Amino acid sequence: MIHDEFEDFAASLASMTALMGLDLGEKTIGVAVSDRMRTVASPLETVRRKKFTLDSARLLEIIADREIGGILLGLPRNMDGTEGPRCQSTRAFARNLSRLTEIPIGFWDERLSTVAAEKALLEADTTRKRRGQVIDHVAAGYILQGALDRLRYL
């Protein structure tokens, strides 16, 4: 089930299950997962997008392997808070994914998550090539960690 409001998403989660955060791009999907206590987000991998059936199959494998209890998709709002074509694409991906799993799906405002991930990688003196390889799942980690931090106050 898809939840537009974060509070509704949080209320629908089973206890002691990990969460998965996704940073959807046109060519890749950054994936991060949390621990079962939902305290720490860890970047996991970057899925190269091919077509939805292949992409979703990989995500469903991760869900099964990690016993994921909820999925958070980064919602790429414009800086003024409005939703553009990328938000529509993210919402369409969520609708398609919801047909394949009963796990609750929610959204998290991802404005500037990639910028924050890039900054962290630069501070860690990561090479340009390596940054290109890991930026998407590091951004997914930022998205998921923001949501985990918010969950502590609900």
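The values are calculated or read from the model by the stated rules, or taken from the named source; none is laboratory data. This one's a predicted model, so the numbers in the text were calculated from it and none came from an experiment. Cβ placement follows ideal geometry from the backbone for every residue including glycine, while neighbour counts extend to all protein chains displayed.
Laid out as a table, the results:
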| read-out | value |
| --- | --- |
| Residues of segment 49-91 classified as of a type in the set (Ser, Thr, Tyr) and either in contact with a His (Cβ under 6 Å, 6 or more places away or on another chain) or farther than 14 Å from Leu24 by Cβ (or both), total | 2 |
| Contacts under 9 angstrom Cβ, first residue in segment 87-105 being more than 14 Å from Ser56 (Cα to Cα), partner modelled with pLDDT under 95 and among the polar types (S, T, N, Q), 6 or more apart | Cys87/Asn78 |
| Strands (runs of 3 or more DSSP E) wholly inside segment 9-107 containing at least 2 residues that are surrounded by fewer than 19 Cβ atoms within 10 Å (Cβ to Cβ) and within 13 Å of the chain's Cα centre (by Cα) | 41-48 |
| Filtered residues of segment 127-154 (kept if more than 22 Å from Ala14 (Cβ to Cβ), modelled with pLDDT of 55 or more and of a type in the set (S, T, N, Q)) | Thr127 |
| Qualifying position, being of a type in the set (A, V, I, L, M, F, W, C), at pLDDT 95 or above and touching a helix residue (DSSP H, G or I) at 6+ places or on another chain (Cβ under 6 Å), among Leu60, Leu54, Leu121, Leu72 | Leu72 |
